[in-house]
Amino acid sequence: MKSVKTILLSLFFLIAAVLVAATLLVSGIKKSGKPDYEGEVKLKGLRAPVNVYRDQKGMPHIYAENEHDLYFTVGYIMSQERLWQMDLIRRATSGRLAEIFGKDYVSTDLYLRSLGITAKSKMVLAAEDSTIKNLLQYFADGINACIKNFGKKLPPEFRILGYTPDPWRIEEIANIIGYMGWDLARDNLVADIFSYRLGKKLGPEKVSDLIPDWKADTTKAFPEFRLSDEKMEEALTFISSLDKLKSLGIPGFSGSNNWAVSASRSETGKPFLCNDMHLALSTPGIWIQMHQVIPGKINVTGVAIPGEPFIVAGHNEKIAWGMTNLMVDDIDLFAEKINPENDNQYYFSGEWKDMEVKKEIIGIKGGKTDTMYVKYTHRGPVISGFSQVGIKDEALSMRWSGYDMSDEIKAVYLIDRASSWDEFRSAISNFRSISQNFAYADVEGNIGLNTGGGIPVRKGSGYLIRNGETDEYDWKGYVPFDQLPSELNPPDGTVSSANDRTVSENYPYYISYTFYMPYRISRIRSMLGEKKILGIEDFKSMITDQHSDYARLLTPFILKMKARISELDPTESAAFTTLENWDYNMSKDEVAPAVFEFFTKSFAKNLLSDELG
């Protein structure tokens, strides 16, 4: 009996000890990696003192005496708060997720590597200004100083997954830009693949009926924009001349809101600008607020991307700017004919061409590796075999603007330092793989809207998968910057965009068919037109507005079912009544928005699921 008591007592103390140890471990993990918001930190590598002030919301205001110390500190401060997020993004850019998450991510890594983001970064950095490369290195040095300072007290994610982040290199900073470009473009790939599968299921006629008819939408981001006769002639000549160059043997060289009002419509006599960028919800979010200052040299504040040193959207002492996704169709898919006797060859322009076959060795958590291969045509990777794509009956290659030279790092560096419309436009001319509509305002009273990015010059529209056997549908280059939509100081004193259709059908280049419907932009312009003079409170009201023009349009059609209300059960009848008395405010505290959303999703499913399966 005594031995049983001894065993039970020992077991009790063992369990208690395990619980105490577990509690201490969890407590230690919770506290690990916590940023220092107060006190003094001595960092090896700084050339002069740097002051970092935190406002009431925790936003860092960094005051340095030189660019080395500014960007070193930006890297250090950013890593204090977002090191795990930064490391996760950079792993995605180079296809190294399986190393920390295991074999389930091998196919994902292969898919990500096919995007060639690292190769693109090397190309960009090889041509980059030495000044900018130096700033990127200072930033990377700051990140590495933070990792060293953490020691064994890294943020909890690293401790849970059991690894230490590698030192940062400037190539990986450039990679993040490539990933942002892909993140904005991949919906085009999804749309193209969906159109392909839809065509296989329903046939081309029904597919064309389901593609939005953008000629019916008369709302444009640039309502007054027209190419001059001279520029129109240049555009048409450019489109045809690239074919001529090729015949001589000479190669030719994709949700947010923004709006601004001019000084004449502002309470202060200076322009107001607002930018509301809608990216995927995540914790933490993709943006990090920051204020960067070298007295007398640079004073810029706004939001940056974790892992990037420069302010992406915000304002300096002279200008303010904001972005919305242009929604450009910058991905095309091509059906390639594969040689039945050699599956590493494809048919192009009358002959079998060898594909480039790249071997990828993918590391897997636990020390194992997997060897896989990606095939490339001259357009890009053959993606149809990837599990993420889900197409096995065709060999589809992908053409993406992200493979081509662009320098968004330089663009943002220059925007941070721009002081005029011309300098701003010159900066955004470096955008290509990330395509945006840029809203602009400055202290001189000017406002503007300008497209920056790569609009491919191609035959026809890009939503259908093209025959890859000839060069008929190959891209011929990109729309020259001076032919991109632009307006400065429009007569009504406002500019605005919201991922809506950009220009009229008179524009000679195809941009996209995946624009968002015009409900947001219509609401923005309606509110801008309610008053002649606008101020901060008006802009606060606009950015927090929850009115749905979509619901206002559709609900009256739903209410036409009132004649059949006797067929509804009590719950359905009560739901119907909420819509009758609704003002189209999408407040979380109201029932009607939930009813409306449930109805629209159910309606689409009931209408199409029997045909689509």
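Scanning for something at pLDDT 90 or above and open to solvent by 60 Å² or more (accessible area, probe 1.4 Å), does the stretch 381-395 turn up at least one residue? Within the stretch 381-395 (the criterion being at pLDDT 90 or above and open to solvent by 60 Å² or more (accessible area, probe 1.4 Å)), the answer is no, since none of the residues qualifies. Suppose the filter is more than 20 Å from Asp407 (Cα to Cα) and in a strand (DSSP E or B); does Met323 pass it? In short, no.
Which of the following residues is within 30 Å of Leu210 (Cα to Cα) and assigned to a loop (DSSP other than H, G, I, E, B): Ser526, Ser602, Ser522, Ser512?
Values: Ser526 fails: assigned to a loop (DSSP other than H, G, I, E, B); Ser602 fails: assigned to a loop (DSSP other than H, G, I, E, B); Ser522 fails: assigned to a loop (DSSP other than H, G, I, E, B).
One residue alone meets the criteria, Ser512.
Within the stretch 439-455, work out how many residues are β-branched (Val, Ile, Thr), part of a loop (DSSP other than H, G, I, E, B) and open to solvent by less than 10 Å² (accessible area, probe 1.4 Å).
The number of residues fulfilling the criteria is 1.
Output the helices (runs of 4 or more DSSP H) that fall wholly within the stretch 532-582 and possess 3 or more residues being farther than 22 Å from Pro518 by Cβ and polar (S, T, N, Q), or say none. Don't jump to the end; show me each part of the working.
Numbers: elements: 536-543, 549-559, 570-580.
The helices (runs of 4 or more DSSP H) meeting that bar are 570-580.
Determine whether Ser195 is surrounded by fewer than 16 Cβ atoms within 10 Å (Cβ to Cβ) and either part of a helix (DSSP H, G or I) or modelled with pLDDT under 75 (or both). Spelling it out, it is not the case that Ser195 is surrounded by fewer than 16 Cβ atoms within 10 Å (Cβ to Cβ) and either part of a helix (DSSP H, G or I) or modelled with pLDDT under 75 (or both).
Quick check on Leu115: is it in contact with a helix residue (DSSP H, G or I) (Cβ under 8 Å, 6 or more places away or on another chain), farther than 21 Å from Pro167 by Cα and buried (at least 21 other Cβ atoms within 10 Å of the Cβ)?
Working: in contact with a helix residue (DSSP H, G or I) (Cβ under 8 Å, 6 or more places away or on another chain): yes; farther than 21 Å from Pro167 by Cα: yes; buried (at least 21 other Cβ atoms within 10 Å of the Cβ): yes.
Criteria met by Leu115.
Name the residues in the stretch 160-181 that are open to solvent by less than 40 Å² (accessible area, probe 1.4 Å) and of a type in the set (Gly, Ala, Ser), would you? Those that are open to solvent by less than 40 Å² (accessible area, probe 1.4 Å) and of a type in the set (Gly, Ala, Ser): Ala174, Gly178, Gly181.
Residue-level check: of (1) open to solvent by 20 Å² or more (accessible area, probe 1.4 Å); (2) over 28 Å from Leu333 (Cα atoms); (3) among the aliphatic types (A, V, I, L, M), Leu184 misses just (2). None of Lys531, Lys601 is open to solvent by 50 Å² or more (accessible area, probe 1.4 Å), closer than 29 Å to Val207 by Cβ and modelled with pLDDT of 90 or more except Lys601.
Kindly establish whether Ser208 is modelled with pLDDT under 80, among the small types (Gly, Ala, Ser) and either surrounded by fewer than 20 Cβ atoms within 10 Å (Cβ to Cβ) or closer than 30 Å to Lys148 by Cα (or both). Steps first, answer last, please.
Details: modelled with pLDDT under 80: yes; among the small types (Gly, Ala, Ser): yes; either surrounded by fewer than 20 Cβ atoms within 10 Å (Cβ to Cβ) or closer than 30 Å to Lys148 by Cα (or both): yes.
Judged against the criteria, Ser208 is a match.
In the set (1) exposed (fewer than 14 other Cβ atoms within 10 Å of the Cβ); (2) under 26 Å from Tyr196 (Cβ atoms), Asp330 fails one condition alone, (1).
Only a single item in (1) open to solvent by less than 80 Å² (accessible area, probe 1.4 Å); (2) in contact with a helix residue (DSSP H, G or I) (Cβ under 9 Å, 6 or more places away or on another chain); (3) under 17 Å from Ala498 (Cα atoms); (4) at pLDDT below 95 is not met by His278, and it is number (2).
To keep it simple, each residue is scored yes or no on (1) of a type in the set (S, T, N, Q); (2) modelled with pLDDT of 95 or more; (3) part of a helix (DSSP H, G or I).
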position	(1), (2), (3)
Gly402	no, no, yes
Ile409	no, yes, yes
Leu414	no, yes, yes
Phe424	no, yes, yes
Asn430	yes, yes, no
Asn437	yes, yes, no
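Tell me, which helices (runs of 4 or more DSSP H) lie completely within the stretch 2-105 with 2 or more residues that are modelled with pLDDT of 90 or more, in contact with a Pro (Cβ under 9 Å, 6 or more places away or on another chain) and under 26 Å from Lys297 (Cβ atoms)?
On the way: elements: 2-31, 67-94, 98-101.
Correct list: 67-94.
Residues considered: Glu230, Glu224, Glu157, Glu171. Of these, the only one that is part of a helix (DSSP H, G or I), modelled with pLDDT under 75 and among the acidic types (Asp, Glu) is Glu230. Name, by its number, the condition in (1) under 21 Å from Arg96 (Cα atoms); (2) of a type outside the set (Gly, Ala, Ser); (3) in contact with a Ser or Thr (Cβ under 8 Å, 6 or more places away or on another chain) that does not hold for Met355. It is condition (1) that Met355 fails. When we screen Thr371, Thr377 for residues that are of a type in the set (S, T, N, Q), surrounded by 19 or more Cβ atoms within 10 Å (Cβ to Cβ) and either more than 16 Å from Ile117 (Cβ to Cβ) or modelled with pLDDT of 90 or more (or both), the only hit is Thr377.
Out of curiosity, is Asn506 within 25 Å of the chain's Cα centre (by Cα), at pLDDT below 95 and either surrounded by fewer than 19 Cβ atoms within 10 Å (Cβ to Cβ) or of a type outside the set (Ser, Thr, Tyr) (or both)?
Numbers: within 25 Å of the chain's Cα centre (by Cα): no; at pLDDT below 95: yes; either surrounded by fewer than 19 Cβ atoms within 10 Å (Cβ to Cβ) or of a type outside the set (Ser, Thr, Tyr) (or both): yes.
So Asn506 fails the test.
The values are calculated or read from the model by the stated rules, or taken from the named source; none is laboratory data. Predicted model, so just to flag it, every value in this text is computed and none were measured. With ideal geometry, Cβ positions are generated from the backbone for all residues, glycine too; neighbour counts draw on all protein chains shown. Each accessible area value is taken on the protein alone, full model and side chains, heavy atoms only, with ligands, DNA and RNA left out. Shrake-Rupley method; radii C 1.70, N 1.55, O 1.52, S 1.80 Å.
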